[in-house]
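Input: a single structure, listed below in structure tokens.
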Amino acid sequence: MSDHVFGRSTKGTMPTAVKGEGCYIIDKTGKRYFDGSGGAAVSCLGHSDQSVKDAIRAQLDDLAFAHTGFFTSDAAEELADMLVARAPEGINRVYQLSGGSEAVEAALKLARQYYLEIGQPERRHIIARRQSYHGNTLGALAAGGNAWRREQYRPLLIETHHVTPCYEYRERRDDESAEDFGTRLAQELEAEVQRLGPDNVMAFVAEPVVGATSGAVPPVPGYFRQIREICDRYGILLILDEVMCGMGRTGSFFACEQDGISPDIVTIAKGLGAGYASIGAMLCTETIYQAIANGSGMFQHGHTYHGHPLAAAAGRAVIRAMDERKLVEGVAQKGPVLEQMLRDRFGQNAHVGDIRGRGFFRGIEFVADRETKATFDPSLNLSGKLKNAAMDAGLVIYPGKGTIDGKHGDHVLIAPPFIASEDDLAEMVDRLGQAVDKSLAAVA
């Protein structure tokens, strides 16, 4: 192994991946790992999709790169058309980037410039939710509410404001229905808008289904409809972060479709490139675009590689593959099967507090005591033990710690490739069961 790579952690060593084959990653020793989380909900087509590889090669033969300050490309134009055709109502423009954090940064900057263009420069406040995650660049990190990720960079972050997340397992009171819980959270958002001054608030940012930090937490019914109404009432932009939960992951192309709402701005990434290229996108309404077009005429933003032809060609091929093979429909059909498998295997485990999610985006939250919902002591590092046990069992999953507040709580995120068969899902759940049993035995 090289001593020159600056990895995510300076501790320990990782196996070297050398080949991808369907739902599997193969390391240098020949060991096969079922990719049960798609890396980080990325590899929706698995690791050897010939149609995407062929599309990238064909684009490379024609044109590798043309800077968007001078040119557009057929790949970028066609990808934008494909995304708009599938987008929530009102979304009509696509700004292509290189990943999720870039997409969220662009969304925040566009929101600010939009209000400058329409003569409302006082709008500057961003409201998001506690324990949310919207990216690691400074603006996106500031919008996020994950205390642990924010802490050491706090002096560098812009001021943002955070309200209670729609985290039913932890936040809903025993004396309220799911619908009442959603209404209470919406009222909290409205109170925060009033506190900051309705004319001073720029945007509310949220993931339709919360991903990495809390583990596939879906909203309660009606929650986002009320959020949409509040944003409309006060002229606030609703920005939905679908970087992890979008692109078919929950059983619909955009996750927000299942909540019956349309955002003003929506971000996507991960599944858009499916791991074959680094690509993300920020999509917005025609109203926002026209404010720029009829004003300064320029979005004061940009990156060297945004709208990259190779990445756009990959994204275009990924969507074609999803359409031709009806993969998103397959996720919608097999999602309940996966849920039942998880409930059958883990539902009676004394240390499983909650099993949740949508489609092929599922989470399991672990507890020391099921009755009180008490968490394991963070020093036990259950999530770390689970990751290692899963790798030993030949399974890639996405464990998380600090589920509740950035410090306390453990969960695992499950996000298999869309190409997984029911037999594949059963194998994944079996390997996960082995890893969970081994990890809990070491801490319980």
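Computed from the coordinates by the stated procedures, all read-outs in this text should not be read as laboratory data. All of these numbers come straight from a predicted model, not from anything done at the bench. Virtual Cβ from ideal backbone geometry, glycine too; neighbours counted across all protein chains shown.
Charge tally around Asn381: other residues with Cβ under 15 Å, Lys/Arg +1 each, Asp/Glu -1 each, net +4. The H on the amide N of Asp410, modeled in the peptide plane, is under 5 Å from the matching H of Phe366, Phe376, Thr403, each at least 5 residues off or on a different chain.
Rounded to the nearest Hz, the phi-derived 3J(HN,Hα) couplings of the stretch 152-168 under the Karplus curve 6.51 cos²θ - 1.76 cosθ + 1.60 (θ = phi - 60°) are 6, 9, 3, x, 9, 8, 5, 5, 9, 9, 10, 10, 5, x, 7, 10, 4, where x marks glycine and proline.
Sorting His303, His4 from the fewest to the most surrounding beta carbons within 10 angstrom yields His4, His303.
Given the pairs Lys19/Lys407; Lys109/Lys385; Lys19/Lys387; Lys11/Lys326; Lys334/Lys401; Lys109/Lys387, which span a C-alpha to C-alpha distance of over 30 angstrom in this model? Intermediate values should be presented prior to the final figure.
Details: Lys19/Lys407 36 Å; Lys109/Lys385 39 Å; Lys19/Lys387 21 Å; Lys11/Lys326 42 Å; Lys334/Lys401 28 Å; Lys109/Lys387 36 Å.
Violating the 30 Å limit, Cα to Cα: Lys19/Lys407; Lys109/Lys385; Lys11/Lys326; Lys109/Lys387.
Taking 0.36 nm per residue of sequence separation and removing the Cα-Cα distance, the Gln333/Glu422 pair yields an extension gain of 31.0 nm. Over the chain, all Cα pairs binned in 10 Å intervals from 0 give whole-percent P(r) values of 4, 21, 32, 27, 13, 3, 0, listed from short to long.
If you restrict to DSSP beta bridges whose two residues both lie in the chain, what percentage is antiparallel, to the nearest 5?
Values: 34 of 49 bridges.
If I count the DSSP bridges inside the chain, around 70 percent turn out antiparallel.
Can you sort Leu238, Leu110 by how many other beta carbons sit within 10 Å, fewest first? Let's see the in-between values first.
Details: Leu238 22, Leu110 25.
By the 10 Å Cβ count, ascending, the order reads Leu238, Leu110.
Suppose only helical runs count, i.e. DSSP H with n ≥ 4. What mean residue ellipticity at 222 nm does that imply for the chain under -39500 (n - 2.57) per run, divided by all residues and rounded to the nearest 500 deg cm²/dmol? Walk me through the intermediate numbers first.
Numbers: 14 runs with 170 residues, N = 444.
Roughly -12000 deg cm²/dmol at 222 nm, from the helical runs in the chain.
Stretching the chain fully between Gln300 and Thr372 yields a gain of 20.8 nm (0.36 nm per residue, less the alpha carbon separation). Amide H contacts of Leu395: Phe34, each under 5 Å away and 5 or more positions distant or on a separate chain (H built 1.01 Å from N in the peptide plane; Pro and chain starts excluded).
Using the C-alpha atoms of the stretch 308-434, what convex hull volume per residue, in cubic angstrom, is computed?
Details: hull volume 16.4 nm³, N = 127.
Looking at the stretch 308-434, the number lands at 129 Å³ per residue.
If a spin label sat at a point 7 angstrom from the Cα of Gln120 along the line to its beta carbon, the backbone N atoms of the stretch 227-242 nearer than 12 Å would be those of 231-238.
Cβ crowding within 10 Å, taken as a proxy for footprinting-reagent exposure, orders Ser51, Ser98, Ser262 from fewest neighbours to most as Ser51, Ser262, Ser98.
Summing charges over neighbours of Gln194, with a neighbour being any other residue whose Cβ is under 14 Å away from its Cβ, gives -2 when K and R count +1 and D and E count -1.
Sequence-ordered 3J(HN,Hα) estimates for the stretch 295-300 from the Karplus curve with 6.51, -1.76 and 1.60 and θ = phi - 60° stand at x, 5, x, 8, 7, 7 Hz, glycine and proline given as x. The simple spin-label model puts a point 7 Å past each Cα toward its Cβ; for Thr29 and Lys109 those points are separated by 4.5 nm. Charging the Cβ of each Asp and Glu at -1 and of each Lys and Arg at +1, and nothing else, the dipole of the chain about its Cα centre rounds to 1060 debye. Our coupling estimate for the stretch 18-32, obtained by passing each phi through the Karplus curve with A = 6.51, B = -1.76, C = 1.60 and θ = phi - 60°, is 10, 7, x, 8, x, 7, 10, 10, 10, 8, 5, 7, x, 5, 9 Hz, Gly and Pro reported as x. Volume per residue for the stretch 66-187 equals 174 cubic angstrom (convex hull of Cα atoms). As a length-normalised measure over Cα pairs under 8 Å and 6 or more apart, the relative contact order of the chain settles at 22 percent.
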